[in-house]
Every structure is written in C-alpha cells, then in structure tokens.
Amino acid sequence: MSHVRVRFAPSPTGFFHIGSARTALFNWLYARHTGGTFVLRIEDTDKERNSEEFLNVIYDSLRWLGMDWDEGPHKGGDYGPYRQSERSAIYEEYKQKLLASGRAYEKDGAIWFKLLGERYEVYDERRSKTVEKVRNTPAVIDDLIRGRVERLEDEDFVIFRSDGNPVFHFVNVVDDIAMKITHVIRGEDHLSNTSKHVELFRAFGVEPPKFAHIPLILKQNGPGKMSKRDQGALIEEYQRRGYLPEALVNFLSLLGWNPGDDREKMPIEEIIRLFDLPGVNQSNARFDDKKLAHMNMSYLLALPPDEFVQKAREYFAKHGVFAAGAHPAESYFRDVMLISQPKIKGIEELPAYTKYFFVEDDKLVIDEKVRAKVLGKGDPKARLGELIAVLGQADFTNESALEEAIKGEAQRNNLGFGDYQAVARLAVSGTNVGPGLTSIFRVLGRERTLRRLELLRASIGA
RNA sequence: GCCCCUAUCGUCUAUCGGUUAGGACGGAAGAUUCUCAUUCUUCAAAGCGGGGUUCGAUUCCCCGUGGGGGCGCCA
C-alpha cells in the first residue's frame with residue numbers, strides 16, 4: 001500500500017471535545033499502526049471565532065494525550081501552511097479551476113458548485129419554498145467501516161460565501177487533495193456530507209481518498225450525541241482533575257473499537273499494534289464515566305512511585321493546595337503520597353485524603369460524627385494510654401515492628417489490634433478512613449504521633 | 001418532511017451459521033485486610049418485533065420499530 005497520510009482537522013472553538021479527541025486518536029493510531037503520516041490542520045476559516053488562545057487549547061490537549069503530529073503547526077511539512085486562514089491563495093486557485101471548467105458559478109454574490117444533470121423544480125417542505133434540484137447519479141462512498149454507501153447529492157451548494165470566504169466542504173476537499181490525504185477518518189456525523197465531498201473530488205478530477213466514518217459518542221444520560229455542555233465532555237476537565245492521559249486514551253480507544261478479544265487495559269504500543277480500521281464498530285457508543293474512572297484507578301495503582309509522586313506534586317501545585325511558603329519537605333510529601341497511592345481512585349482525591357498530614361498537631365480537625373462513634377464504645381481513654389506507653393519505645397522506622405508492638409500490647413490486655421485501630425486513627429487523622437494505621441504512624445513519626453494521641457486523650461472527659 | 005448510518009446483559013463489547021451466548025464497568029452477596037480502598041470468589045443481567053434463506057440463525061436478506069446523524073452563505 002502507498003504511504004498512508006491521515007489528518008486531524010479541528011476548528012479552534014476554545015474547547016477540546018472528547019469526540020474530537022477520539023477522532024484524533026483513531027487517526028493518530030492508524031498513522032502509527034501503518035507507519036504513515038499524521039497531519040494536523042487547523043480549520044479556522046470562520047474568522048469570527050479564532051484566536052491564539054483557542055489554538056493552544058488544541059495543541060495542549062493533543063500533547064497531553066500523547067498524540068504528536070508529523071506535519072502541522074509548530075512542525076512544518078511539505079504541504080503547508082497548515083492553517084486554513086493562511087491558505088487563501090490555494091483556495092483561490094482551486095476556485096478558478098472550477099470556474100474555468102464550468103463547475104462553479106456566481107449567484108447572489110456567492111460562488112456555487114454546479115452539479116451535472118437535468119434541472120427541475122420541487123417544493124421543499126422543510127424550507128417551505130420551491131428549490132432547484134438536479135437529476136444526478138448517486139455518489140459512491142467507499143467506506144472502510146460502513147462498506148459501500150450511496151447517497152444522492154441533488155442540489156447545487158455554496159462553496160464561497162458572498163463575503164469571499166470559502167466554506168467547510170470546499171476547503172476540506174481542497175486541502176485533502178493538496179495535502180495528499182489518503183484516508184479520511186472522521187465522525188459519522190459527516191457521512192451525509194460526504195456525497196458533497198465526493199462530487200468535489202470528481203470535479204477536480206481526483207480519485208477520492210478512502211473514507212472511514214467512526215461511530216459517535218453518545219451522552220451518558222438523555223438522548224443525542226455528546227455535546228460541549230455535557231458532563232465529562234471536555235478534555236481540559238480531565239487534565240484539570242488529574243486524570244492520567246494514558247488511562248483516558250486507553251478508555252477512548254475502546255469506545256468503538258476493540259482488539260477482538262477480552263483485553264482492555266493495554267499499553268499504547270499494544271493498541272497501536274492491534275488497531276485497524278476494519279475493527280472499528282459501526283454503532284454509536286454511550287459514554288460511561290464509571291468505566292473511565294475505573295480505568296484511571298487501574299493506571300494509578302500501577303504507576304511507578306516516582307511518577308505518582310510527580311503527578312501528585314503537579315496537582316497540588318496547580319491547585320494551590322499549600323499556602324505560599326508552607327510547602328512540606330519533599331521527602332515527607334513523598335512518603336505521604338506513597339502510602340496513599342494504593343488507596344485512592346484519582347489524583348483529585350489526594351488533597352482531602354492527606355490533609356491531616358499537613359497540619360499542626362493541635363490544629364487537627366476531628367470529624368465530630370466519627371469522634372462520637374469511635375469514642376462511644378469500649379474504653380478509648382485506656383486504649384490511648386496503653387498506646388502511648390508502648391509507642392514510647394517502638395521503632396517508628398519499621399511498620400511491622402509498630403504492628404508487633406501494638407499487637408503485643410493488645411494481647412497483654414486480652415484485646416485485638418482492632419480495639420486500638422479506630423481510636424488511634426481518630427487521634428492521628430481525625431477521621432475513620434485512610435492508609436494503614438502503622439503507615440500513618442511511621443510517616444508522622446514518634447513525636448507527632450504521640451502528641452496527637454495525647455491530645456485526644458486529654459480531650460476525653462474523665 | 002427527505003436522505004444516510006445503526007441494533008447482543010443497565011453500559012462498553014466478544015461471537016466472522018452450530019457456543020451452557022464470553023469478558024469488562026456498574027449492581028448484589030461473601031472472603032481477605034488494622035479502617036477505607038484494593039484483591040479474590042459467587043450471583044443476577046442480553047440476542048427489538050415480523051417475515052424469509054438454510055438441516056440449522058444472535059450471525060445473511062427484506063419490512064417494521066427503536067436509536068443516531070445529516071439536510072446553512074456553521075464546522
């Protein structure tokens with residue numbers, strides 16, 4: 001097969017939609033799978049909404065997700081420029097071709113594409129007016145996912161607005177020709193438009209590329225496809241919330257595609273190796289944030305310690321968790337994060353989950369409901385006293401030594417570890433959930449652990 | 001209104017005519033664990049309806065129905 005060239009052609013709207021990300025991903029995967037070229041082209045013909053900021057949203061999101069482009073902005077290439085707003089001369093040239101061959105004409109100040117065939121008039125109910133139609137033969141769309149699709153294009157359509165700017169259908173086709181695109185992989189919402197595009201390719205005397213219309217992502221609740229307003233629709237939201245891009249990419253790759261067996265969690269190299277267009281589903285997929293969250297947790301648990309701590313550090317910094325000048329020591333922060341890693345489902349849980357590690361002992365906030373519950377049974381004051389006594393000599397650098405020490409004390413009093421766990425946890429963390437108790441002890445250290453135990457004991461009335 | 005695509009557990013999906021219809025998320029129950037989470041075990045849960053084709057249809061075809069999309073001087 002000749003060299004594959006695919007493109008992702010977003011328009012800068014200020015958002016990066018999850019559906020766009022999936023379209024980009026399938027293009028990128030196909031390019032990487034075939035050793036082809038992934039082109040990034042910016043469709044910014046609509047001058048109303050267009051700014052550097054909006055462009056950066058696209059670049060940032062693609063980079064964050066790990067989709068590097070081979071040609072495009074910041075990269076260059078032999079078929080530039082890669083922003084449609086800079087390609088006017090090329091569009092003008094192609095417009096002249098159509099004008100010269102009689103396949104375009106002017107009407108109402110706009111330039112229209114002319115279909116071939118006998119003309120007739122018919123009343124259009126939807127637009128409630130009479131329109132001119134053409135007895136055309138159906139365009140044949142050779143789709144790698146849908147198979148052969150025929151669709152009749154029977155009305156001339158505008159290719160240049162009266163303000164002189166070309167429209168989407170025209171620039172899309174011209175650029176695909178000029179950039180020698182071999183495979184057009186895009187959402188199914190473009191399938192009906194494809195007949196226009198095929199007509200244009202033919203009018204330019206060019207064989208259309210292979211098409212692959214991928215299923216859409218439907219909103220989780222309610223009818224219709226996912227739109228910007230829907231919960232979970234924007235890539236930047238996942239970025240902000242500390243999702244792992246590898247997890248999001250893995251999840252997205254499985255929305256409308258699968259490797260043909262039961263594998264789900266796969267490294268990107270594996271996905272690239274297995275991905276192919278004929279394996280893409282034909283029916284739309286409903287978004288499922290629970291499954292994404294699970295995938296994210298799965299990746300989080302498997303993250304090497306250094307990387308996990310790095311992610312946590314970035315998240316804390318980005319969200320200003322620590323007041324300026326109040327950053328904890330690096331090794332302490334690391335210890336806290338690493339004992340929390342196996343317990344959480346997402347990076348975003350970390351600040352709340354670990355907050356008691358970063359307050360002064362006497363400023364520890366105790367959850368009142370938990371306090372009432374824990375102190376309401378047994379003899380908490382006695383247990384705290386026993387703990388304080390035994391922990392005075394224990395080795396705080398060794399979690400199993402701590403555990404043995406507490407178990408030994410429990411045995412002497414005919415009790416179990418559990419009789420100490422809840423009250424001790426309340427004392428050091430102010431809550432009833434968290435990392436292993438002895439992990440908390442080790443990280444807090446003897447001095448702070450004992451102080452917190454003392455503080456709680458002192459607060460309990462005789 | 002016209003046109004196009006589509007249809008397996010609640011959700012994502014496997015099955016390339018013959019299976020006790022499999023897996024995952026979510027749900028339920030249980031086990032493990034110092035809490036929580038993880039992990040493990042078990043359970044409930046599906047072929048939209050009607051016609052064909054065939055010895056045999058979830059699988060192929062047709063018609064309904066449901067779902068989705070398109071029909072701009074938006075992209």
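Total lysine pairs in the range A:1-139 at Cα distances under 17 Å, for residues eight or more apart or on different chains: 5.
Between beta-carbons, use under 10 Å as the cut-off and find the net charge around residue A:284, counting Lys and Arg +1, Asp and Glu -1. The partial results should precede the final answer.
Working: positive: A:225, A:286; negative: A:188.
That works out to +1.
Taking a cut-off of 20 Å between Cα atoms, list the aspartates and glutamates near residue A:373, but don't count ones fewer than 8 places away on the same chain. Qualifying aspartates and glutamates at Cα under 20 Å: A:419, A:454. Helix A:18-34 versus the longest principal axis of chain A: what angle, 0 to 90°, nearest 10, using Cα atoms? Compared with the principal axis, the helix lies near 80 degrees.
Full extension of the segment from residue A:281 to residue A:395, taken as 0.36 nm per residue of separation minus the current Cα-Cα distance, would add 35.2 nm.
Percent of C-alpha pairs per 5 Å bin in the range A:328-462, short distances first: 2, 10, 22, 24, 21, 14, 6, 2, 0. With each label modelled as a point 7 angstrom along the Cα→C-beta vector, the residue A:332-residue A:227 pair spans 5.1 nm.
Determine the sum of side-chain charges near residue A:111: Lys and Arg each +1, Asp and Glu each -1, restricted to other residues whose C-beta is under 13 angstrom from that of residue A:111. Can you show the working numbers first?
Details: positive: A:95, A:97, A:103, A:107, A:114, A:161; negative: A:92, A:106, A:108, A:156, A:163.
Net charge in that neighbourhood comes out at +1.
Just to confirm the number: angle between the C-alpha axis of helix A:330-340 and the first principal axis of chain A, 0 to 90 degrees, nearest 10? That works out to roughly 80 degrees.
Using the Cβ of residue A:260 as centre and a radius below 14 Å, the other residues enclosed give a net charge of -3, where K and R count +1 and D and E count -1.
Using r as the Cβ-Cβ distance of residue A:236 and residue A:127, and R0 as 41 Å, what FRET efficiency do you calculate, to the nearest 0.05? It would help to have the intermediate numbers written out before the result.
On the way: r = 38 Å, r/R0 = 0.93.
Calculated transfer efficiency: 0.60.
Each Lys and Arg adds +1 at its Cβ and each Asp and Glu adds -1 at its Cβ; summed about the Cα centre, chain A shows a dipole of about 920 debye.
Compared with the rule-of-thumb size 2.2 N^0.38 Å for a compact globular protein, chain A has a Cα radius of gyration ratio of 1.37.
Using a 1.4 angstrom probe, figure out how much accessible area the range A:98-229 has per residue, in square angstrom, rounded to the nearest whole.
49 Å²
Taking 0.36 nm per residue of separation and subtracting the Cα-Cα distance, full extension of the segment from residue A:88 to residue A:447 would add 122.1 nm. Between 0 and 90 degrees, rounded to the nearest ten: what's the tilt of helix A:168-178 against the longest Cα principal axis of chain A? The answer is roughly 90 degrees. Ignoring lysines fewer than eight residues from residue A:311 along the same chain, the ones with Cα atoms less than 24 angstrom from its Cα are A:265, A:290, A:291, A:343, A:345, A:355.
Of the DSSP beta bridges with both residues in chain A, give the percent that are antiparallel, rounding to the nearest 5.
Working: 24 of 39 bridges.
Among the beta bridges of chain A, antiparallel pairing accounts for roughly 60 percent.
The values are calculated or read from the model by the stated rules, or taken from the named source; none is laboratory data. Owing to the predicted nature of the structure, the values given are computational and were not obtained by experimental measurement. A quick note on method: Cβ atoms are made from the backbone with ideal geometry, for glycine too, and the neighbour counts reach across all protein chains shown. Each accessible area value is taken on the protein alone, full model and side chains, heavy atoms only, with ligands, DNA and RNA left out. Shrake-Rupley method; radii C 1.70, N 1.55, O 1.52, S 1.80 Å.
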